[in-house]
Structure formats: structure tokens, C-alpha cells
Amino acid sequence: MLRSKKRYLGALCVASCIVMFAAACGSSDNNGGTEAAESTTANETQEAAEPTPTTVPTPKPEPTPTPVPDQIAFQSDRDGGDFEIFVMDADGTNVRQLTESDDYDGTPSWSPDGEQIAFGSRRSGVTEVFVMDADGTNVRQLTDNDDYDGVPSWSPRGRQIAFLSDRDGDNEVFVMDSDGSDVRQLTVNDDYKLAVSWSPDGKQIVFDNKKDYDEYEIFAMDADGANVRQLTDNDDYDGVPSWSPDSERITFASDRFGDDEIFVMDADGSNAISTGQRGIHPVYRP
Ligand SMILES: [Ca+2]
Ligand SMILES: [Ca+2]
Ligand SMILES: [Ca+2]
Ligand SMILES: [Ca+2]
């Protein structure tokens, strides 16, 4: 009984609202107020007995977004000895240790969907590229040979991983599918490399290349290794490049003015300017 009474009152309220709205819109003469009031009373009784109109829009509750805090992966030897990989919320809280080995674990790279982390580890004797789930479980070894393989950089769509390997005697840029298959060597020369970064649009890979320390220069190439372009050319250090989110700029470190400073240039190497800030290893926020 109580429920049917509530339903009745609810229908009554809806009906009167509709009628009042119609009356306010439709009445144009001076007696409208009185007439509207009268007809409201009459219609209330009549419409209350009829089914509740289905044209009244029912406001849908807005879904409440679940905030996922920005996270940062990093390597640290805070426990002494070898390095491990950690993840924290971007405000420095909620630090979790992801690796636990007696050897080097470092250079973490997030998969684009944030579900996995590629990294370099020396746990099998020489540094190799590994992948783990973002909680540190399900570790898979992607490279397995007697030479250095490290510094992985995930492609923007997550299908491939660029990395450095010295399997031909010095570090070169390689690419493999994200399951470790189909390894391709992209650069061939006698120089050493420290960093590799895939452009967010997927089209280019930038890397640094040195003949000796002072001659580190930055190069870019198409993602298949073709069309290598030298972007810097001077007698000073230029290294550890990283793409802007729109793939149109590159940030890097250079000591061309004395100290290591953070620079920015266009993707073709033009318009290189110093930010005036000392530092190394700059990375744009995605
Ligand atoms: Ca370790
Ligand atoms: Ca190896
Ligand atoms: Ca080589
Ligand atoms: Ca240089």
C-alpha cells in the first residue's frame, strides 16, 4: 500500500509539472493564471489515473571517473649494490619495488598502454632486454646472446621495441617485435651509442652517436633504418635525445657552451637553442 501511494504521488507530481509547463507556455491572455490553475486541478485528477507519461526525460547520473595517478618508473641502488626498478606515483608516494635480482636492473620503458615495462638486466650474465608486467610479475627475457642488449624504447603502438646492442662490436640500434622475435639491425658503423628514442608518431627513431666523447652527435632515421640524418654537428657533446609529444621537436643535452645544458631543436636539427638550464637526460612529458 505504501509503495502504491508513493507511486501515485510521484505520478501526480510529474503530471502537475507537465501541465504547469504547458500552461505557462500556451497561455497568452490575462486570465491565463486562473485558467491554468483550474485546469491543473482538473487534469491532476484525470491524469493521475492514467499511466505515467514516458516522455519525461530521466536524468542519467554522470559516471564517476576513477582517478589513476600518473606513475614514474625509475632505477635505484637505494638498497646498496646492484640496481633495481621501482615505480612510484608522480608525487613521490606509493613506491613499489618491481625487480629483485643480485645484478643490474635498469633503463625502464613503459609500453604505451602502461601494462608492461621493458628493461635491461644483467641477471643472466650479460645485459639483456627483459619485459615484465607493470606490477613486476611475468618476467620474460627477450634477447639471449653473449653480447650487450639494453636501453629498450617501446614503439608508440606497442608492437616493437628499439634497443641498443653491441653484438657487432659497438652499440648499434636494433628493433625487434615486442615478443623478442624478428630482430633487425638498423645502424651499422664503428661508433658507440648511449640512447635511442622512438618518435611518438612512430615514424622516426633518434639516437646519439660518438666517435669520441667530444664528438657525440644526434642522428635521426626512419623507423626502418633508412634516411639517416645528422642533426647536430660541432666539436662538443650532444646526446641523450628525446622526442616532444607532437614529434616535431627534440630535447637533448649539450656542453657546447661549457656545462651540460638542456637544449631543444626542431626535428630536422634546426633552431637548436639552450633552455639555459644545466642538466642531462631531458625527457618531454608524454
Ligand atoms: Ca637487481
Ligand atoms: Ca645479449
Ligand atoms: Ca658497429
Ligand atoms: Ca657534437
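See the values below:
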quantity: Label-point separation in nm, R249 to S274, each point 7 Å along Cα→Cβ; calculated: 1.8
quantity: Per-pair calculated FRET efficiency, R0 = 35 Å: D266 and D103 via Cβ, rounded to 0.05; calculated: 0.30
quantity: Chymotrypsin sites (Phe, Trp or Tyr not before Pro) within segment 222-263, DSSP loop, no more than 12 other Cβ atoms inside 10 Å; calculated: F257
quantity: Rounded to whole Hz, the Karplus (6.51, -1.76, 1.60) HN-Hα couplings of segment 82-94, x for glycine and proline; calculated: 7, 7, 10, 9, 10, 10, 9, 5, 5, 8, x, 9, 6
quantity: Over segment 206-286: Kirkwood hydrodynamic radius from C-alpha pairwise inverse distances, Å; calculated: 12.5
quantity: Tensor-based shape of segment 57-121 (alpha-carbon gyration tensor, a/c under 1.5 rounded, otherwise prolate or oblate); calculated: prolate
quantity: Point-to-point label distance, N138-D190, nm (Cα→Cβ direction, 7 Å offset); calculated: 4.5
quantity: Rg and Dmax [Cα atoms of segment 71-278; Å; Rg one decimal, Dmax integer]; calculated: 16.9, 46
quantity: Gain upon complete extension [R229, R256; 0.36 nm per residue less C-alpha separation]; calculated: 7.7 nm
quantity: Loop-resident sites, segment 95-199, for trypsin sites (Lys or Arg not before Pro), counting at most 15 other Cβ within 10 Å (DSSP); calculated: R157, R159
quantity: Cα centroid separation - segment 76-137 against segment 244-263, whole Å; calculated: 26
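Any read-out appearing in this document is the output of simple, stated calculations on the displayed coordinates, not a laboratory observation. All of these numbers come straight from a predicted model, not from anything done at the bench. As a convention, Cβ positions derive from the backbone with ideal geometry for all residues, glycine included, and neighbour counts pool all protein chains shown.
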